[in-house]
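Peer 1: Input: one structure, supplied below.
The values are calculated or read from the model by the stated rules, or taken from the named source; none is laboratory data. These figures come from a predicted structure and were not determined experimentally. Note that we place each Cβ from the backbone using ideal geometry, even for glycine, and neighbour counts take in every protein chain shown. The accessibility values were calculated without ligands, DNA or RNA, using every heavy atom of the protein model including side chains. Shrake-Rupley method; radii C 1.70, N 1.55, O 1.52, S 1.80 Å.
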Amino acid sequence: MKSQAFACAALLLAAACGEKQEAAAPGDASYQETLMTQLLDAKPGDVIDIPEGRFAFDRSLSLTVDGVTIKGAGMDKTVLSFAGQVAGAEGLLVTASDFTIEDLAIEDTKGDALKISEGENIIIRRVRTEWTGKPKTENGAYGIYPVQVKNLLMEDSVAIGASDAGLYIGQSQNVVIRNNRAEYNVAGIEIENTFDADVYGNVAVNNTGGILVFNMPNLKQPGARTRVFKNEVYENNTKNFGLEGTPVASVPAGSGVVINSNDEVEIFDNDIRDNKTANVIVSSFYSSGFSEDGMQGDFDPYPQGIYVYGNRFEGGGDNPDGLELQALKIAVAGPLGRIPDVLWDGYVDPALTGASDVLCVQNGEAKVLNVDGPNDNKNPKVAEDGVHDCAFEKLPAITLTGPLADL
Amino acid sequence: MRLGYDGHVEISHPHDLIVGTNFLTGRHGQAVASRPWEPTMKAENSKWRQTRRNASNHAGENWRKRKENTAKALLGAAALFLSACSQQHEAAPTYHADENPEHLSDWGMIAAKDGALRLSNGVTPYDLATPLFSDYALKLRTVWTPDGKPAVYNATEAFDFPVGTVITKTFYYPTPANEWPRENWNGDVQQGLERGVHDNAMALDHLRLIETRVLVRRAAGWDALPYVWNEDQTDAVLKRTGAVLPLTLIRDDGEMQPFSYLVPNANQCAGCHATNATTKAIKPIGPKARHLNKPSSFAEGFNQLDHWLAKGLLTGEIEQPAPRNADWRDENEPLADRARAYLDANCSHCHNPNGPADTSGLNLEPDAHGPALGNCKTPVAAGRGTGGRPYDIVPGRPELSITLFRMETTDPGAMMPELGRAVTHEEGVELVSEWIAAMEGGCG
């Protein structure tokens, strides 16, 4: 028994002894000390080059020095595998500013793959985070997870298999998320409690929900002003494999773009199709199933200023997730019909005058289904023409600043 | 005065009141002189101890009087120490302003010698009312300041220590075997209680030293350095990249539990000790008023804060009453106080309004309440760390509270704290569980 325990640790085995691995093999374990030492000794301006190869780690890496670049040989060539991780909640945790990471992959971490907390001027480029088994609840929560950062560029990256969000941007400011790919996550791309984000050119496919823009209570800042445009958001129909309690666990499978409690969100020029619950969902905190007892007093649970226009919708809404939504579909569209492209829970902040303060839709034939949440869904109906035919002032494009100004 | 069976000193005479509630600070006046599980308290009667006992009998007088007595006592202790050690190599505490020495012994704070871990002259051991749980490792904490300069008191934050201060924390375990030295240790460790320090030494029989973490206050701020004890237990060696040690915990009921003991790397030290995620400055966590405000385990008859004042380790205005955390094990304390002290010591270095876990909106400092404390609070980025439970705390329902799941699980991707725990702290779980179970209400 004892010798077995030692053997496990010595070999940096992928998991507990005797457990069958379905994930990718870990790789070379001797590199761990080298990279850890480089991260500890890093000075501002350093570039840490990680060569091509598969490297195995049994505990988290962390960087606390500003101004460092970590660079691999490509997201399919330089792979940091944490399949044998025994300690630490992340693969790589960065608590530093002026940080760039590019051209590498982080696989099979026990918790989040890449977390960047409280930094400014962050560039994440051509990074892949992946759980190499099937999408499952045991996978780590977040793929690429910048939180409380300012001035962020995330581009050409890939996130696969996260049991929460593949690309998650939380409590941040001035953010550009472009040309990434998120698949087989519970949430493909999630923007939460963040001010001023441009999310464009991304592909979100085969997630439970494609692109989410959320506000959660009890945090230092709410969020507002996100533009979601020129993305492809399709076939996000993977069964929700998030654990109950986590906010995304309440997202129905088949959700394209979901706005929850957030303000001033523009959704335009996207290709959104074949998301079986609805292509766009706009909801308040009250529809999320969370306790109102757990909401601090100054939290605004209502979305407002949501503007949907000029998207290309196709299919979707034909097989919503769960009995209630199925019943709803049948009630409003019949057995062969589909939920309209935009589903709205119908909550309006009492301080506002009405539906046109919450949601404007100028998107050709696209209809809005008001599910009448405030009255326990007693009278769900497709909004009559004109109710949401309004416009909000368009948001300006995000301008990255400082060292990111010309990117 | 006599020792109660539970270790509390029963007061039979007013003079036995060791720390009166109005003594200087109005700090908690528990008449507990020392750790009850240390048989040496009554067994030993060294000259030093006798001197200190005399000092404690003057407890009703003002603290200056007491300080004089203490000074005398300490002088006596120093003399005793010097005479006892006159034939030994004398390690001198040394502040290294720039270099990170390769060996722990280069700091001159503590040294393993002749079957004991010896504290150098001027190095003060201390402990906390409720400490951080670290896989049942026991801990010996020491502090040393250069030229006897004091730290400046702060009611809520870690004290402000002078440049040159060196704090050590040595992690050790009881072991079934007692060969000394022990090159062929098999990794078996046991649960147990901290061992006392007597005449500046902690006996090492039936113990295994694992690592010593050094916090040094340099001109630019604190640095954290992990040292791992060598195979033959003669010294500890700097290991900036940390280590994973395969150990087996033999629980009190005999169950064998293999686990991966984590020695943090220097950055991971900051993961806990950078208690403000914005400044990212490393700070000590233990030496705060509320953790130290307890009967001293090392200077009989003293409240530990008073002991620090008396020794000149501490200066500044102390409000009355000074903040105080409960001893999480003391069943005479209110349940909520014990649970909150436990959560404070184990969680609030990250879960405070400016800490690394402020991203979660959960605050486990002593003054937090409502959703911020977790009551009916939806998690933000817990991922599968929720364990499938809806809220951090569901009053009355520990089995539905995420907090408990996070404490119970040993999955690195879901457990709390994120670092430094690989086995479940059964007794801690039980405490927090009882506390939540006793809450009224629920989540609407």
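Peer 1: Between A:Lys136 and A:Lys220, 0.36 nm times their residue separation minus their Cα-Cα distance comes to what?
Peer 2: Details: separation 84, 0.36 × 84 = 30.24 nm, distance 3.09 nm.
Full extension of this stretch gives 27.1 nm more.
Peer 1: If you don't mind, there's one more thing I want to ask. Only Cα pairs under 8 Å and at least 6 apart count here; give the relative contact order of chain A as a rounded whole percent.
Peer 2: 9 percent
Peer 1: Scan around A:Glu190 for amide H atoms under 5 Å from its own, H built in the peptide plane at 1.01 Å from N, and keep only partners 5 or more places away or cross-chain.
Peer 2: Answer set, sorted by chain and number: A:Leu167, A:Tyr168, A:Ile169, A:Leu212.
Peer 1: Counting only heavy atoms of protein chains, what accessible area per residue, in Å², does the protein assembly as shown have with a probe of 1.4 Å?
Peer 2: 37 Å²
Peer 1: Positive end of the dipole of the protein assembly as shown, charges at C-beta (+1 Lys, Arg; -1 Asp, Glu), about the Cα centre: which of A:Leu63, B:Ala414, A:Gly254 has its Cα farthest in that direction?
Peer 2: Sorting the options by dipole projection puts first A:Leu63.
Peer 1: Could you put A:Ser97, B:Ser296, A:Ser356 in order of accessible surface area, largest first, with the 1.4 Å probe and the full protein assembly present?
Peer 2: On the way: A:Ser97 25, B:Ser296 0, A:Ser356 50 Å².
My answer, sorted largest first, is A:Ser356, A:Ser97, B:Ser296.
Peer 1: Of B:His291, B:His206, which has the most accessible area and how do the rest follow, probe 1.4 Å?
Peer 2: Putting B:His291, B:His206 in descending order of accessible area: B:His206, B:His291.
Peer 1: Using only Cα atoms, locate the centre of segment B:351-412 and the centre of segment A:104-143, then give the distance between them in Å, rounded to an integer.
Peer 2: The distance from the Cα centre of segment B:351-412 to that of segment A:104-143 comes to 22 Å.
Peer 1: Then there is this: Compute the signed sum of charges (Lys and Arg +1, Asp and Glu -1) over the other residues within less than 13 Å, Cβ to Cβ, of A:Asn319.
Peer 2: Around A:Asn319, the charge tally is 0.
Peer 1: Going 7 Å from the Cα of B:Val244 in the Cα-to-Cβ direction, what parts of segment A:30-64 have a backbone nitrogen less than 16 Å from that spot?
Peer 2: Only A:30-37, A:55-62 fall inside the zone, counting backbone N under 16 Å.
Peer 1: Give the ranking of A:Asp298, B:Asp330 by solvent-accessible surface, highest area first, calculated with a 1.4 Å probe.
Peer 2: A:Asp298, B:Asp330
Peer 1: Ok, one more. Once you keep just the Cα pairs under 8 angstrom separated by 6 or more residues, what percentage relative contact order results for segment B:104-292?
Peer 2: Values: 395 pairs, mean separation 42.8, N = 189.
Reported as a whole number, the value is 23 percent.
Peer 1: For the pairing of chain A with chain B, what total accessible surface becomes buried, with a 1.4 angstrom probe, in square angstrom to the nearest 100?
Peer 2: Numbers: alone 16680 and 19370 Å², together 31830 Å².
Result for this pair: about 4200 Å² buried.
Peer 1: Over all residues in A:292-302, what is the mean tally of Cβ atoms on other chains that come within 10 Å of each residue's Cβ?
Peer 2: Mean shielding by partner chains, rounded to a whole number: 4.
Peer 1: Check each residue of segment A:218-248 and keep those whose accessible area, probe 1.4 Å, is at least 20 Å² smaller with all protein chains in place than in the chain alone; give them in order of residue number.
Peer 2: Listed by number, the residues meeting the 20 Å² cut-off are A:Asn218, A:Leu219, A:Lys220, A:Leu243, A:Glu244, A:Gly245, A:Thr246, A:Pro247.
Peer 1: How large is the charge dipole for the protein assembly as shown, taken about the Cα centre, if only the Cβ atoms of Lys, Arg (+1) and Asp, Glu (-1) carry charge, to the nearest 20 debye?
Peer 2: The dipole magnitude comes to about 2340 debye.
Peer 1: Can you give the local net charge around A:Asp376? Use residues other than it whose beta-carbon is closer than 14 angstrom to its beta-carbon, Lys and Arg +1, Asp and Glu -1.
Peer 2: Taking every other residue near A:Asp376 into account, the sum is -2.
Peer 1: Here's a follow-up. At what distance in angstrom do the alpha carbon centres of segment A:315-352 and segment A:373-395 lie from each other?
Peer 2: Cα centres, segment A:315-352 to segment A:373-395: 12 Å.
Peer 1: Could you give the nm distance between label points at A:Asp271 and A:Lys381, where each point is 7 Å from its Cα heading toward the beta carbon?
Peer 2: My value for the distance between the label points is 3.7 nm.
Peer 1: Based on DSSP, what percent of beta bridges with both residues in segment A:294-407 are antiparallel, to the nearest 5?
Peer 2: 20 percent
Peer 1: Whose amide H sits under 5 Å from the amide H of A:Val348, counting only residues 5 or more places off or on another chain, with H placed in the peptide plane?
Peer 2: none
Peer 1: Which percent, to the nearest 5, of DSSP beta bridges fully inside the protein assembly as shown are antiparallel?
Peer 2: In the protein assembly as shown, DSSP labels about 30 percent of beta bridges as antiparallel.
Peer 1: Within 10 Å of each Cβ in B:367-377, how many Cβ atoms from other chains are there, averaged over the peptide? It would help to have the intermediate numbers written out before the result.
Peer 2: On the way: counts 0, 0, 0, 5, 9, 3, 0, 2, 3, 6, 9.
Neighbouring Cβ atoms belonging to other protein chains average 3 per residue here.
Peer 1: Hey, another quick one. Rounded to the nearest 0.05, what FRET efficiency do A:Lys43 and A:Asp76 give with R0 = 45 Å and r taken as the Cβ-Cβ distance? Could you check?
Peer 2: Plugging the Cβ-Cβ distance into 1/(1 + (r/R0)^6) gives 0.90.
Peer 1: For A:Thr137, what accessible area in Å² do you get when you roll a 1.4 Å probe over the heavy atoms of the protein chains, rounding to the nearest 10?
Peer 2: Around 40 Å² of this residue is reachable by solvent.
Peer 1: Over all residues in B:259-271, what is the mean tally of Cβ atoms on other chains that come within 10 Å of each residue's Cβ?
Peer 2: Mean partner-chain Cβ count within 10 Å for B:259-271: 6.
Peer 1: Could I ask something else about it? Over the heavy atoms of A:Glu314, what accessible area does a 1.4 Å probe trace out, to the nearest 10 Å²?
Peer 2: Approximately 120 Å² of A:Glu314 is accessible to the 1.4 Å probe.
Peer 1: Once amide H atoms are placed 1.01 Å from N in the peptide plane, what residues at a sequence separation of 5 or more from A:Val158, or on another chain, have their amide H within under 5 Å of its amide H?
Peer 2: For A:Val158, the qualifying residues are A:Val127, A:Arg128, A:Thr129, A:Arg181.
Peer 1: Using alpha carbons only, how many degrees (0 to 90, rounded to 10) separate the axis of helix A:323-333 from the longest principal axis of chain A?
Peer 2: Between the helix axis and the principal axis of chain A, the angle is about 40 degrees.
Peer 1: Given segment B:104-292, what percent of its DSSP beta bridges are antiparallel, to the nearest 5?
Peer 2: On the way: 48 of 51 bridges.
Approximately 95 percent, going by the DSSP bridge assignments.
Peer 1: Can you divide the C-alpha Rg of segment B:335-437 by 2.2 N^0.38 Å and report the result to two decimal places?
Peer 2: Relative to the 2.2 N^0.38 Å estimate, segment B:335-437 comes out at 0.94.
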